[in-house]
There are 2 protein chains.
Amino acid sequence: METIKYFLSEDRIPRAWYNIQADLPTPAPPVLHPGTGQPIGPGDLAPIFPMALIMQEVSQERYIEIPDEVRDVYRQWRPSPLYRARRLEKALDTPAKIYYKYEGVSPAGSHKPNTAVPQAYYNKVEGVKRLSTETGAGQWGSSLAMACAFFGLECKVFMVRVSYDQKPYRRGLIEAYGAQVSASPSNETNTGRAILAEYPDSTGSLGIAISEAVEVAATDPNTKYSLGSVLNHVLMHQTVIGLETLEQMEMAGDYPDVIVGCTGGGSNFAGITFPFIGRKLRGEADVRIVAVEPAACPSLTRGRYAYDFGDTGHLTPLVKMHTLGSTFVPPGIHAGGLRYHGMAPLVSHLLELGQIEATATEQLDAFAAGVQFARAEGIIPAPEANHAVAGAIAEALRCKQEGVSRVILFNLCGHGHFDMQAYIDYAAGKLQNYAYPAEEIAMALAGLPVVAA
Amino acid sequence: METIKYFLSEDRIPRAWYNIQADLPTPAPPVLHPGTGQPIGPGDLAPIFPMALIMQEVSQERYIEIPDEVRDVYRQWRPSPLYRARRLEKALDTPAKIYYKYEGVSPAGSHKPNTAVPQAYYNKVEGVKRLSTETGAGQWGSSLAMACAFFGLECKVFMVRVSYDQKPYRRGLIEAYGAQVSASPSNETNTGRAILAEYPDSTGSLGIAISEAVEVAATDPNTKYSLGSVLNHVLMHQTVIGLETLEQMEMAGDYPDVIVGCTGGGSNFAGITFPFIGRKLRGEADVRIVAVEPAACPSLTRGRYAYDFGDTGHLTPLVKMHTLGSTFVPPGIHAGGLRYHGMAPLVSHLLELGQIEATATEQLDAFAAGVQFARAEGIIPAPEANHAVAGAIAEALRCKQEGVSRVILFNLCGHGHFDMQAYIDYAAGKLQNYAYPAEEIAMALAGLPVVAA
């Protein structure tokens, strides 16, 4: 059974990122200052981000040019391949055609360098010496550490405690790139110390790690903060994935009936889907879009669409998003990159607009899908990506049941090479599903800030 | 500093493997039957290998066609990219041009699937149900497990004990592909039981694991044996690496002055160099060739060129090669794939012919090179590949010292994603060099079989 790969030559690396804000029928709600309740301006963000990224965050231009220095680095692994999963189709005995875009070809093994590289670049240009950031599973931390090594910046990573312990290999990679890693919550920040005082055994969360990284940037003039997901400019950088895929689907002579992506903060999902959603919004081509999130951290399917803090320590502005409450600490699933209490405001807005659907998958179902995929296609997916695999397989089996051939596209956002302990534990029967943590979420939602808007 | 990638389209995947035996000025010495001391024939190997591979082993044809079914699988990751290491050149401040071929793009993360796939294919065609094999670091075991999953074969892997313990992630990958893994020496074979009886704490070696895998194949009519290196047909399958690189160097407008590869059994080294050595043997273009082996297991630089067994349990025929003695158990370096007492007969023969040079590198120097490479180029090399990186850096620094610009090419045969514990231990100062194990090697060499030839 042959592999079919659609490969673009490097001159087809996109020359501009796609900014979906230009095509929205109604704009996403504004970001608010937590003190005044009023929309914030670029100046409010200047202490923690370089101006180039702040301007991208609020831009309404449809396309924003990718600097040559960034494309030069992209060239190492971009354009990434699009595959037809022929062996998986055969294993599923489905009439569906399954395509996957593979972002694990980057040196750090995921889609994250697509934004780590431009973020490091813009900071370097503006004279920043050091970046601080959070990381869940370590995909983001290792990507930013690599980008910092390329551009000669120092890098400080707050790694969620449960992943720090579960995924020593990711930590080793971050350190091999020369960055400095601390388990979060840590004793290095006010936020971390306060949480440890109350919960000495805290497993941490992305919300806590973000607070720590923001605090470091806000208190050190040589350090800026860098975020691996959620924000508009981060999602926009990821659109290189979907822009390439549009061309590759054309090479394949197919157009997706449905696109599946996993969602934590929303960046890989946005990366593959936004260029397709843009076409849909402009009336050029219809497509179903399905976000798959972990049942243990179900912001889109069971969260509230409300203004909330992006972090647990409440150092960020307020953003309107699907949230489980900024103080919610998700169970320690292996898909650490999906353990975020909120969702990118643009993704949340699109759900409200009815442009996308959302579904939640249990941990064991995600791993079962990942193992089936690995045996058919050879690539072992990251635990996060397993959610997308599970979603794609579910769509393919529905095609079989209905006797309909549809074109299914999903984003395989990273490989699981650094996550093999999870597969070992899965094979040994040590992993579990997590019942919907209703009480914890209700408590966290009860603490949502009161905002007039 | 831009990345430069030379990418071939998939129609440039080679249509035939290159067989260097066709171009040798003198043939390599014959393989001998250990009982009779006479050259063996194809029939002697039939119990453990399928006939297609036996015929490839002894073929004198220059090119052997790659079956479509194999090229169809190759297409998933081949042609692999050739990079110019611009950021590394800059970090070294060298006038040299450094190119590397990257084989870590295969789903199993190394060059090994290049031969695992055809081996599984030919066995499948001949009706074999199960393959048994050995693995050192796990690169080979995971590759064969993947290939068996693709072709619907069962797979049994004897994994060298020290790697089984040091590299649980590789083991996890092998198991995720559905293969069955045992630590070697094991209690499952006569060879394993005999060694455990004498050395209950044996860390194992490739020589021991080969004996166990061969024994299983020899005693089960449904099982054949599969070897990941050393043999002529294995080295030939790897020549897709060098054949592609020839074209890619032409795209780059350069021809290598020196090619560096790491050597354990010799397969990745042969893969990149044989097509170039063939051109040299045919008088078409000259090139220096440098094999880099670990100082802890220095078969080419300090071994004896003599007839020896390929395995510790003496179940294989006798081959003439550079050997440290089949009973030598190398120190537990992290480059487990290079812990073999012998060397591929064809590589040994080329050293005797003066066509290649050999040098040995200490473990700490290899890791230092690997970390420097990762920070410059983003890819974290396998511990085995670090030896090639160290060799290439040494050549580049020599260029700097001499004020000469040379073209250096090396094979980055795999990534180190499953080997991060080694990097973590290296960063923590826990790794060591190993003095040349003179006494152990002298003892092992004293036990070499006496062969008239």
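Brief remarks follow.
- Sole exception among (1) in the same structural domain as B:Leu324 (by TED's automatic domain parsing); (2) open to solvent by less than 10 Å² (accessible area, probe 1.4 Å); (3) acidic (Asp, Glu) for B:Glu247, by number: (2)
- Any hit, segment B:111-122, residues being open to solvent by 10 Å² or more (accessible area, probe 1.4 Å), more than 30 Å from A:Gln166 (Cα to Cα), touching a residue at least 24 places away in the same chain (Cβ under 8 Å) and not assigned by TED's automatic domain parsing to the domain that holds B:Arg78: yes
- Being under 21 Å from the mean Cα position of the chain (by Cα), more than 13 Å from chain B (Cβ to nearest Cβ) and either of a type in the set (Phe, Trp, Tyr) or part of a loop (DSSP other than H, G, I, E, B) (or both) is not true of A:Pro27.
- Identity of the residue in segment A:380-402, within 14 Å of chain B (Cβ to nearest Cβ) and β-branched (Val, Ile, Thr), that ends up farthest from B:Ser106 (Cα to Cα): A:Val389
- Counting the residues of segment A:177-193 that are of a type outside the set (Val, Ile, Thr) and part of a helix (DSSP H, G or I) gives 3.
- Residue in segment B:256-272 that is open to solvent by 10 Å² or more (accessible area, probe 1.4 Å), of a type in the set (A, V, I, L, M, F, W, C) and not in a loop (DSSP other than H, G, I, E, B) present: no
- Hits in segment A:83-124 (condition: outside any strand (DSSP E or B), more than 10 Å from chain B (Cβ to nearest Cβ), charged (D, E, K, R) and in contact with a strand residue (DSSP E or B) (Cβ under 9 Å, 6 or more places away or on another chain)): A:Glu89, A:Glu103, A:Lys112
- Qualifying residue in segment B:352-369 (condition: under 18 Å from the mean Cα position of the chain (by Cα), of a type in the set (Ser, Thr, Tyr) and under 30 Å from B:Gly283 (Cβ atoms)): yes
For every residue, the table says whether it meets (1) within 24 Å of B:Gly204 (Cα to Cα); (2) open to solvent by 20 Å² or more (accessible area, probe 1.4 Å); (3) touching a Lys or Arg at 6+ places or on another chain (Cβ under 9 Å); (4) away from chain A (no Cβ under 14 Å).
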position	(1), (2), (3), (4)
B:His341	yes, no, no, yes
B:Gln355	no, yes, yes, yes
B:Glu362	yes, yes, no, yes
B:Gly370	no, no, no, no
B:Gly378	no, no, yes, no
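- Filtered by the rule that a residue be at negative phi and among the small types (Gly, Ala, Ser), segment B:260-295 gives B:Gly261, B:Gly264, B:Gly265, B:Ser267, B:Ala270, B:Gly271, B:Gly278, B:Ala285, B:Ala291, B:Ala295.
- The set of residues in segment A:403-428 being aromatic (Phe, Trp, Tyr) and within 11 Å of chain B (Cβ to nearest Cβ) consists of A:Phe418, A:Tyr423, A:Tyr426.
- The number of residues in segment B:203-226 being assigned to a loop (DSSP other than H, G, I, E, B), open to solvent by 20 Å² or more (accessible area, probe 1.4 Å) and either touching a helix residue (DSSP H, G or I) at 6+ places or on another chain (Cβ under 8 Å) or within 17 Å of B:Thr327 (Cβ to Cβ) (or both) comes to 1.
- Tally, over segment B:32-68, of residues that are open to solvent by less than 30 Å² (accessible area, probe 1.4 Å), closer than 26 Å to B:Tyr102 by Cα and either in contact with a Lys or Arg (Cβ under 9 Å, 6 or more places away or on another chain) or of a type in the set (Ser, Thr, Tyr) (or both): 1
- Residue within segment A:69-83 that is at negative phi, surrounded by fewer than 22 Cβ atoms within 10 Å (Cβ to Cβ) and in contact with a Gly (Cβ under 7 Å, 6 or more places away or on another chain) present: no
- Filter result for A:Ser205 (under 18 Å from the mean Cα position of the chain (by Cα), in the same structural domain as A:Ala52 (by TED's automatic domain parsing) and closer than 29 Å to B:Ala374 by Cα): yes
- The condition of being modelled with pLDDT under 95 and more than 30 Å from A:Ala369 (Cβ to Cβ) holds for only one of A:Pro29, A:Pro47, A:Pro118, A:Pro39, that being A:Pro47.
- Summed over segment A:275-315, residues that are crowded, with 24+ Cβ neighbours inside 10 Å, assigned to a loop (DSSP other than H, G, I, E, B) and β-branched (Val, Ile, Thr) total 1.
- Of the residues making up segment A:32-61, those that are assigned to a loop (DSSP other than H, G, I, E, B) and closer than 18 Å to A:Asn222 by Cβ are A:Ala46, A:Pro47, A:Ile48, A:Phe49, A:Pro50.
- Lone unmet requirement of (1) at pLDDT below 95; (2) open to solvent by less than 10 Å² (accessible area, probe 1.4 Å) for B:Cys399: (1)
- Qualifying residue in segment A:68-76 (condition: away from chain B (no Cβ under 14 Å) and either in a loop (DSSP other than H, G, I, E, B) or without any contact (Cβ under 8 Å) to a residue 40 or more places away in the chain (or both)): no
- Among the conditions (1) more than 17 Å from the chain's Cα centre (by Cα); (2) over 27 Å from A:Asp254 (Cα atoms); (3) at pLDDT 95 or above; (4) open to solvent by less than 60 Å² (accessible area, probe 1.4 Å), the only one that A:Ala427 does not satisfy is (4).
- Close pairs (8 angstrom Cβ cut-off, 6 or more residues apart or separate chains): within 14 Å of another protein chain (Cβ to nearest Cβ) and assigned to a loop (DSSP other than H, G, I, E, B) in segment A:153-176, surrounded by fewer than 24 Cβ atoms within 10 Å (Cβ to Cβ) and among the basic types (Lys, Arg) anywhere: A:Leu153/A:Lys124; A:Leu153/A:Lys129; A:Leu153/A:Arg130
The values are calculated or read from the model by the stated rules, or taken from the named source; none is laboratory data. Quick caveat: nothing in here was measured; it's all calculated off a predicted structure. Every residue, glycine among them, receives a Cβ derived from its backbone with ideal geometry; neighbour counts consider all protein chains shown. Note: areas computed on protein heavy atoms with side chains; ligands, DNA, RNA excluded. Shrake-Rupley method; radii C 1.70, N 1.55, O 1.52, S 1.80 Å.
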